[in-house]
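Engineer: Below is a structure I'd like to ask you about.
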């Protein structure tokens, strides 16, 4: 199929290259001497991120420092990326706890379903984005790592307060 | 005011030649000084470009090395470029590939040999001209040498054995040839007015007329500036590089220090063109509102002042180069050619005729070559600038590269479009 070219009649009467150039130069000069710059000096200053930011995970703990997780198995079930590995265990009192709890952060799509579905408010997605590691293995977070994280966690969308105020 | 005949006689009497020792030492000192200042200046230009582009775009620019202004950034870049791995692709023509970066850089630097950077200094050893080589052929040498710069680019493009590089090289050839002519033609009015090709005497002529050539020959200056942009491959004429079309153009295959020789030579060319513009049209080292000219020497203080003035003028044009780069988009190739051949060249030719007639008339009336003469030329130029920028410049300079479509042509094209969109409903607009 041939190309459909739209042909427009140019308003030659008003067109001027030299004057348009000068106008553009005035514009760029104005920007150049404008003291307001938008650069964020990253490592020293950081942009504030949204309260609903969904970053790498964090497992909240009870007062005794144990993970709140009861190994109910809801999060691996709901996870659309299938990135949570959970092996449940049970102690003498019959309390369930996770023997293995691993999240592959490379696989995770950060939808936050795990946090939404968790009945114990144990697993959370975090308000955090600095995730450098020396190897790919470093991005499979085990339970110990998840518990050790300290960054603030995401506040999920609340139907009572849809705008987050 | 000095009459034309007086200037002519003044220059026919040469200065007494310097003793060989003084000549030798002063030349070596001047060479070393010019080379050092030039190389450091070019290095700092890369920083200036990054800073100014950042400010124009609302950013801060490099500020991590060497304080808030990032003054050590060129050094850091240099170290990085030298430490980098240098690749030599297997398919290149090796000798040419190695030669090209040098060929690109050397002409830009050679041109500085004839540019006077200060008033002649009456030292205790005799009068020393502040120019490395006081060649009688003056800017003819500059023009010849700067046009050699294209060889570096063409050879780089050809030796790379890469289609993008070759296209970049070809474009640069076409561009250089087109704009070289306009550039040469735009300088003929300068010759008509100065009557000499030596750059020092062109400065003299401007100083003695008390009006710089930018006022006497405004259109020439405009054409020269546009051509200089094209010659240095700077935006809006950077078609040989054209990142969006040709990857990196002629230096696609280069890496490390060989690659950075090309940007360095671009900046070197920029500095040379700026110095030429300052010399030919803005009075060079001529200190404004003074009577100083080449026929007498100056004290050491005045020498430093004149060097400062020359540098200020040159830096201003360098700033204009950078400023325009971050303002204008790139030309389309056909627009480039039509601007060069259909606009700048005829304009330059017409301007030569006009300037020659004006000079003839003014000389016939018997007006002395002085302030009034300059004022008369300025008056003529105001009229010409108005005609060029307000009457001629109506979409004719750039916009429709091949002329405007007639209403009949447009109607026919529209009819074709409508017919097609009826045939296939999906492809309609």
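Engineer: Cα centroid distance between region A:109-165 and region B:315-394, in Å?
Structural biologist: 66 Å
Engineer: Continuing with the same structure: Between 0 and 90 degrees, rounded to the nearest ten: what's the tilt of helix B:345-365 against the longest Cα principal axis of chain B?
Structural biologist: On a 0 to 90 degree scale, this one is about 30.
Engineer: For A:36-42, what's the mean count of beta carbons from other chains sitting within 10 Å of each residue's beta carbon?
Structural biologist: Rounded to a whole number, the mean comes out at 3.
Engineer: Could you tell me the distance between the Cα centroids of region B:155-172 and region B:54-115, to the nearest Å?
Structural biologist: The two parts, judged by their Cα centres, are 20 Å apart.
Engineer: Tell me, what is the FRET efficiency for residue A:157 and residue B:96 to the nearest 0.05, using R0 = 41 angstrom and their Cβ-Cβ distance as r?
Structural biologist: 0.05
Engineer: While we're looking at this one, here's another question. Given only helices, namely DSSP H runs of n ≥ 4 each adding -39500 (n - 2.57), what is the per-residue ellipticity at 222 nm of the protein assembly as shown, to the nearest 500 deg cm²/dmol?
Structural biologist: Estimated from H runs of four or more residues: -17000 deg cm²/dmol.
Engineer: If you don't mind, another one. So how far, in whole Å, is the C-alpha centre of region A:23-74 from the one of region B:249-273?
Structural biologist: The two parts, judged by their Cα centres, are 39 Å apart.
Engineer: How tilted is helix A:17-33 with respect to the longest principal axis of chain A? Cα atoms for both, answer in degrees (0 to 90, nearest 10).
Structural biologist: The helix A:17-33 is inclined about 40 degrees to chain A.
Engineer: Still on this structure, I have one more. Can you compute log10 of I(q)/I(0) for the protein assembly as shown with the Debye formula, treating each Cα as one identical point scatterer, at q = 0.05, 0.08, 0.09, 0.10 Å⁻¹?
Structural biologist: Those come out to -0.37, -0.76, -0.88, -0.99, one per q.
Engineer: Could I ask something else about it? Given a Förster radius of 60 Å and the C-beta distance between residue A:131 and residue B:341 as r, what FRET efficiency does 1/(1 + (r/R0)^6) yield to the nearest 0.05?
Structural biologist: Here the calculated transfer efficiency is 0.60.
Engineer: Most mobile of A:50, A:16, A:135 per a Gaussian network model of chain A (Cα springs, under 10 Å)?
Structural biologist: Comparing A:50, A:16, A:135 in the GNM, the peak value goes to A:16.
Engineer: For region B:126-254, taking Cα atoms only, what is the radius of gyration to one decimal and the Dmax to the nearest whole Å?
Structural biologist: Here Rg and the maximum Cα pair distance are 17.9, 57 Å.
Engineer: Let me know the whole percent of all Cα-Cα pairs from chain B that are separated by more than 33 Å.
Structural biologist: So the pairs more than 33 Å apart make up 43 percent of the total in chain B.
Engineer: For region B:179-329, what is the relative contact order in percent, using Cα pairs closer than 8 Å and at least 6 residues apart in sequence?
Structural biologist: After rounding, I find 29 percent.
Engineer: Just how many % of Cα pairs in region A:9-155 lie over 22 Å apart, if you round to the nearest whole percent?
Structural biologist: The answer is 54 percent, as a whole percent.
Engineer: Output the relative contact order of chain B, whole-number percent, from Cα pairs under 8 angstrom with separation of 6+ residues.
Structural biologist: Contact order relative to length: 21 percent.
Engineer: Expressed as an acute angle from 0 to 90° and rounded to the nearest 10, what is the orientation of the C-alpha long axis of helix B:371-386 relative to the principal long axis of chain B?
Structural biologist: That helix lies at roughly 10 degrees to the long axis.
Engineer: OK, next. How high is the relative contact order of region B:157-218, in percent, with contacts defined as C-alpha pairs under 8 Å that are six or more residues apart?
Structural biologist: RCO, region B:157-218: 18 percent.
Engineer: Using a Förster distance of 56 Å, how high is the FRET efficiency between residue B:122 and residue A:18, based on the Cβ-Cβ distance and rounded to 0.05?
Structural biologist: 0.80
Engineer: Rounded to the nearest angstrom and ordered from largest down, what semi-axes does the equivalent ellipsoid of region A:28-88 get from its C-alpha gyration tensor (root of 5λ)?
Structural biologist: Semi-axes from the Cα gyration tensor: 45, 16, 8 Å.
Engineer: With the crude spin-label approximation of a point 7 Å out along Cα→Cβ, what separation in nm comes out for residue B:23 versus residue B:144?
Structural biologist: Inter-label distance under the simple model: 2.1 nm.
Engineer: Order of B:31-37, B:115-121, A:101-107, B:103-109 by packing, highest average Cβ count within 10 Å first?
Structural biologist: Final packing ranking: B:115-121, B:103-109, A:101-107, B:31-37.
Engineer: Would you please state which residues of region B:200-229 a label at residue B:354 would reach in this model, taking the label point 7 Å out along Cα→Cβ and a backbone N cut-off of under 13 Å?
Structural biologist: The answer is B:216-223.
Engineer: Could I have the simple spin-label model distance between residue A:26 and residue B:68, label points 7 Å from Cα toward Cβ, reported in nm to one decimal?
Structural biologist: Using points 7 Å along Cα→Cβ, the separation is 3.0 nm.
A short reminder: the numbers here are calculations on the coordinates, not readings from a lab. None of these values were measured; they are calculated from a predicted model. Using ideal geometry, Cβ is built from the backbone for each residue, glycine included, and neighbour counts are taken over all protein chains shown.
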